[in-house]
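So that we are looking at the same thing, I have put the structure below in structure tokens.
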Amino acid sequence: MVLLIVGALALLAGLMILSGASPLGSLVTLLKGSLGTPAAISGTLRETTPLLILGLAVFLALRAGLFNIGAEGQFLLGAVACTWVNLRIPGFGGLILGTLAGAIAGALWALPAGLIKAYRNGHEVITTIMLNSVAVYLTTALVAGPMKDPKQDSPTTADLVAGSRLPWLYDHAPVQLSSALLLGLILTALVALWLRKTVAGYELQAVGASPGAAKYAGIDNRRVVLAAMCSSGAIAGIAGVVQVLAYEGRFYAGISPGYGFDALGVALLAGGSAWGVIPASLLFGVLAKGGTSLQLDEVPKGITTVVLGLIILVAAALRYRKVSTDV
Amino acid sequence: MTGITKRFGAVTALDRVDLQVASGTLHAVVGENGAGKTTLMRILYGVFGPDEGTVKLSNDQVRSFKTSRDAIAAGIGMVSQHYGIIPALSCLQNLILGAEGGAILDIRSAETRAQTLATRMGFEFDWHQDASTLSPAGAQKLEILKLLWREAKIMILDEPTAMLSPADSDALFQSMRKLASEGATVILVTHRLPEVMDHCSRVTVLRGGKLIETKDVADTDAKRLAALIIGSSSASAAPPSDAIAPPAEIGAPMLELKDLVVRGVRGEDALKQVNLNVRAGELLGIAGVDGSGQRELFQSILGLVRAKEGQILLGGQDSTKLKAIDRIRLGLRAIPEDRHEEAVIEEWSLEQNSALGLQRLEPLSTKGLVNTSARADWAAKVAAKFNTKHGGLKLPMGSLSGGNQQRFVAGRAIESQPKLILAFQPARGLDIRGTADVYAAIRERCREGAAAIVVSFDLDELIENCDRIVAMNHGRIHQPSANESRDRDAIGRLMVGAV
Amino acid sequence: MFELLTLTIVLSAPLILGAMGGFTSERSGVINIGLEGMMLMSACVTALAAAKFGPVGAVGLGIASATVLSLLHWLATQVYRIDHVISGMAINAIGAGGTNFLYGKLSDPSHNGSISHVPVALFSWLAFFVPVILWAYARWTRGGLRMLAVGSDPDKARLMGVQPLRVRFFGLLATGLFTGLAGSQLLAYTGNFTDNMTAGRGYIALAALILGGWRPVPAFLACLAFGFFSALRIQLQGTALMGAQLPSEAWASLPYLVTIIALAGFLGKNRTPAGLGKP
């Protein structure tokens, strides 16, 4: 294990030195860029919000033993559905209906993966990867075609009116704090309590921990798999909604720079409790925000993705070790 | 093999066991379940190493095999209880795997050689067919050919006849004797004494991980061997009187199966027109060799597999279409076969495990919400029932030994106001004391008006503890006639379908 | 028409090579969604090395870099027993981030990093031969038999004296070779490296493998079909089909949709290797 961690660090330092950048200097830049000033912190929190909600979505599926790699596609569908509703029904009604539409769209986009897993035992990772690609093409086609704002050259929708957007809690640019973060925290609390306090949550985790034992406990594994996949999709859809309503104010091609993948890392790092999603998403938020500062320092942003990959590997290996020492 | 000791955690599976086997003989290793037979053989085959002791082969080389690969290289082959046939490969591919004889496969000459070996043994195979199409007997035969293919000098057969018909078993032993006469050494692990008496030349008895005796078969008889296997103390103890005496009251029917047909995993009819009645107060034992349809019977009663035809009545109510959770609500409780996969979640705490299967019943939950304090009390009660040794109810189940996990699982089923208990090998992993306790508790529930069905592959355990015994064979249930209802041999005949 | 044919071959070649990399990995029991990252890494390293080491050296280094990632996957899944999917995701992250970083830092603007001396046709020939070779390998060799056995049931294979760890090591070594070739081909075809230039081809290769029931020749045919549709898309760009102009995204989605339908079991029986993902 030590070997793996040392190896990961060595690889990272090696990459940096090979390319003529100073590892320590880059770390300082990264931390300054993400936590150094109030504006930086507010930017980090902005990056954290979608990762928090998406991470929660992936976490919930993970508790049922499912790898929802499809969070990316569900996010896109949620975002596009919400935008579509809000462009037609501006104001508070659109905000509510749009959120609902986004959650439903996310759930529906997860449904095929859930069905194939439950009834055909097709691996959800493969189906969700496929669905992600289809989602990218579908939303791109929508935003380049029927939903495109004719006044714009690039594939994007028109801006939403201020009334249909999530309010700022604190708004003195460049320091801004959106109510979206609060919403994410509330969702986290709900999921954590639901898993702990309800029989349905107990059953979902039983299926994730041991499908055989769950079956003998009278639990309908297929229904749980289906429900978990769709709930996860709905939360991912809400993450897309929040991204549009709180930060972007419109939908455009490439609205997600790969949040879905980062969310898997967040969920894996979170450990056994939904509360763990909060620090994990914050860590990823720091890397995302700090990565942009690195770029100004002429260190390509890709290095943070490498760091994420290594974190995921080490976290997963540590997890295995923990399980194996219990036995 | 000299002074072999093997410990699993706190349990000593083998305690300074010696075993000498002369070449060119059929040597039997006998003992009860858990006597250490299989463990000893696995050490010989290099599945794991011994904690103490040495293994010595004829060429005087002392070797401790670290992997099966080493053992195979030294000319040792094993046919284990769980078949080593890979269903996705063809029969020929299975045969040659691991001993292909070159980087490029010479299919034609391999087939010729395989055919020669098969003919010598009187077997027949379609070599290019998938092994998944083989019957249990066919798979067993292929396993034996695998040993011949590798020219194994020492062959270990672990319960080879468990799934074979009497005719197939006889044929198997004939070929084994033939091989022995040609110089091969065959070690037979079994708990069927007639096999030993009829076919083997020497026999070693193990009990509780200790070597009891090694004898020439000619110098002993089945009765004396049985006494050695069981041990004098428990052999002299009479079976509990209340087991043989009719139970206090036979009440209303708790379970009725009417012409039940259930499909097995391979699509065949695993249960064929099964009819069975179990009444309140009754403790029914189901005898049979592994794979006779017991698993499908249990799963269909629990509602985990669908019935293809026929009816299941629980407490007089047609429950054929009832969901598993609703059957639990009717008072159905299970002690599943595979503790690790079906009964507990090892990463979860004892408290969380105590609610498994009962999670939707009062007081463990009300209106869909978990009642954690009720669950804590319940877990303490379950653990206390059979003296489960644990370091705290918040600790993971995986921190308990297998026997203690089994106590917990049995306690959970028996204490939760069962109406019908389904127990699959409930004594697995338990010592004699624990086994007696569990059966006593089940009987107590039956006397209070519940019913119980116990599946075991150990006929003696059933004869000792059950009110009534039926035998399963190839998906059918056979009732012994009234005057043979506790006759070991009669039930044994039913188990292998020799009606 | 001829143009369509050559385009089909050129576009299918990286898919075929990628799918064959998936074959040697998945048939020995290692789930591999990291094909994408390995192909990408190879393309990047080939581009970076082209100026200094010449075309052959560049392709060799490309293959080596994909192999490093592939063996990292082996280490993670077999030695550290990490879930195969998680490890694959991490490989893809390292591939995507690492290439962005390396290319951003090391690329030489005066040289476009193309390997024009290596003809694309060479890769295409390879892509047509490898599936047949692998088919024969699985059927007629000891290594092939052991690969199938380990992929089907590692525990039983172990009892027969086969070492799953070793078999999988060689399986993933081959995965490195084939995904490396796939990445180099991609670069040879496009001429220079761009961020995320594989654009999901690793996933499509995996999809083709699944569609082909984890068998080399059917998987090869699936890749050809995918390549054909991509070629058709390029040819039909802007022209109306049956009266309506289909957005190019619809064509692009086709392989994914077909795979989902296949996984739903509408295209014959499930042939998933039984030992996939087992330790």
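Quick one: Cα convex hull volume of the stretch B:251-495, Å³ per residue?
Values: hull volume 29.6 nm³, N = 245.
Here the figure is 121 Å³ per residue.
Between A:Leu31 and A:Tyr170, how high is the FRET efficiency from 1/(1 + (r/R0)^6) when r is the Cβ-Cβ distance and R₀ = 25 Å? Nearest 0.05.
Numbers: r = 23 Å, r/R0 = 0.92.
Using R0 = 25 Å, I get an efficiency of 0.65.
In addition: According to the square roots a ≥ b ≥ c of the eigenvalues of the Cα gyration tensor, what is the shape class of the stretch A:118-203, taking rounded for a/c under 1.5, prolate for a/b larger than b/c otherwise, and oblate for the remainder?
Oblate.
How many nm separate the modelled label positions at A:Ile186 and B:Ala376, each set 7 Å beyond the Cα in the direction of the Cβ?
Those two pseudo-labels are separated by 3.2 nm.
Once the convex hull of the alpha carbons of the stretch B:396-499 is built, what does its volume come to per residue, in cubic angstrom?
For the stretch B:396-499, the hull spanned by Cα atoms encloses 115 Å³ per residue.
State the dimensionless ratio Rg/Rh of the stretch A:1-106 (Rg: radius of gyration of Cα atoms; Rh: Kirkwood radius). Intermediate values should be presented prior to the final figure.
Working: Rg = 20.1 Å, Rh = 17.4 Å.
Using only Cα positions, Rg/Rh for the stretch A:1-106 is 1.15.
Counting only trypsin sites (Lys or Arg not before Pro) that are in a DSSP loop and have at most 14 other C-beta atoms within 10 Å, tell me the longest site-free stretch of chain C.
Values: sites that count: C:Lys269, C:Arg271.
It runs C:1-268.
Antiparallel DSSP bridges in the stretch B:251-495: what percent, to the nearest 5? Don't skip to the answer; put the middle values down first.
Details: 21 of 38 bridges.
Roughly 55 percent of the DSSP beta bridges within the stretch B:251-495 come out antiparallel.
Hey, can you grab everything whose amide H is under 5 Å from the amide H of A:Gly122? Only 5+ residues off in sequence or another chain; H modelled, so Pro and N-termini drop out.
A:Lys117
Could you derive backbone 3J(HN,Hα) for the stretch B:175-180 from the dihedral phi with the Karplus parameters 6.51, -1.76 and 1.60 (θ = phi - 60°), listing whole Hz in sequence and x where the residue is Gly or Pro?
Per-residue couplings from phi come out as 5, 5, 5, 4, 4, 4 Hz.
Something else now. DSSP loop trypsin sites (Lys or Arg not before Pro) in the stretch B:271-349 with at most 11 other Cβ atoms within 10 Å of their Cβ, which ones?
Listed in order of number, the matching sites are B:Arg306, B:Lys321.
Hey, can you grab everything whose amide H is under 5 Å from the amide H of B:Phe8? Only 5+ residues off in sequence or another chain; H modelled, so Pro and N-termini drop out.
B:Ala13
Now for a different question. Projected onto the charge dipole of the protein assembly as shown (+1 at Lys/Arg Cβ, -1 at Asp/Glu Cβ, origin at the Cα centre), which of A:Ala144, B:Ala167, C:Leu40 gives the Cα projection farthest towards the positive end?
A:Ala144
Quickly estimate the mean residue ellipticity at 222 nm for chain A, helices only: each DSSP H run with n ≥ 4 gives -39500 (n - 2.57), and the total goes over all residues, rounded to 500. The partial results should precede the final answer.
Values: 13 runs with 239 residues, N = 327.
Calculated at 222 nm, the ellipticity per residue is -25000 deg cm²/dmol.
Could you calculate, for the stretch A:49-133, the ratio of the Cα radius of gyration to the Kirkwood radius, expressed as Rg to Rh?
Ratio value, two decimals: 1.04.
Right, something else. Above 42 angstrom, tally the Cα pairs of chain B and express them as a % of all pairs, no decimals.
Cα-Cα pairs in chain B separated by more than 42 Å: 23 percent.
With N residues in the stretch C:121-259, what two-decimal value do you get for its Cα radius of gyration over 2.2 N^0.38 Å?
Dividing the Cα radius of gyration by 2.2 N^0.38 Å gives 1.28.
Between B:Thr25 and B:Leu369, what length comes free when the chain is fully extended (0.36 nm per residue of separation minus the Cα-Cα distance, one decimal in nm)? Could the numbers behind the result be given before it?
Values: separation 344, 0.36 × 344 = 123.84 nm, distance 6.52 nm.
Going from the current span to full extension adds 117.3 nm.
Select from A:Ile69, A:Ile126, A:Ile53 the residue whose mean-square fluctuation is largest in a Gaussian network model of chain A (Cα-Cα springs shorter than 10 Å).
Maximum among the listed residues: A:Ile126.
Ratio to report: Rg/Rh of chain A, with Cα atoms as the point set and Rh obtained by the Kirkwood method; give two decimals.
Checking Rg against Rh, the ratio lands at 0.98.
Please compute the Cα-Cα pair-distance distribution of the stretch C:13-205 with 10 Å bins starting at 0, giving whole percents from short to long.
11, 38, 32, 15, 4, 0
Here's something else I'd like to know. Among C:Val85, C:Val68, rank each residue by its count of other Cβ atoms within 10 Å, from fewest to most, as a rough exposure measure.
C:Val68, C:Val85
So, in chain C, how many Lys pairs have Cα atoms under 27 Å apart, if the pair is 8 or more places apart or on different chains? Working shown, then result.
Details: C:Lys52/C:Lys105; C:Lys156/C:Lys269; C:Lys156/C:Lys278; C:Lys269/C:Lys278.
Close lysine pairs found across chain C: 4.
Rg and Dmax of the stretch B:268-351 over Cα atoms: what are they, in angstrom?
Rg, Dmax (Cα atoms, Å): 14.2, 42.
Still on this model: Mind checking which lysines have their C-alpha under 23 Å from B:Lys258, skipping anything on the same chain fewer than 8 residues away?
List returned: B:Lys272, B:Lys308, B:Lys321, B:Lys323, B:Lys419.
Could I ask something else about it? Highest mean first, what order results for A:308-316, B:207-215 on Cβ atoms within 10 Å?
The most tightly packed comes first, giving A:308-316, B:207-215.
Against the globular-protein guess of 2.2 N^0.38 Å, express the Cα radius of gyration of the protein assembly as shown as a ratio, rounded to two decimals.
1.03
If you look at just the Cα atoms of the stretch B:2-230, how large are its Rg and its Dmax in Å?
Over the stretch B:2-230's Cα set, Rg and Dmax evaluate to 17.6, 54 Å.
Please turn the phi angles of the stretch B:439-447 into ³J(HN,Hα) values with the Karplus equation 6.51 cos²θ - 1.76 cosθ + 1.60 (θ = phi - 60°), one per residue in order, whole Hz, x for glycine and proline.
5, 4, 5, 5, 4, 4, 4, 5, 5
Bear in mind that the values in this text are calculations on the coordinates, not laboratory data. As the structure is a computational prediction, the values presented were derived from the model and not from experiment. All Cβ positions, even for glycine, are placed from backbone atoms using ideal geometry, and neighbour counts span all protein chains on display.
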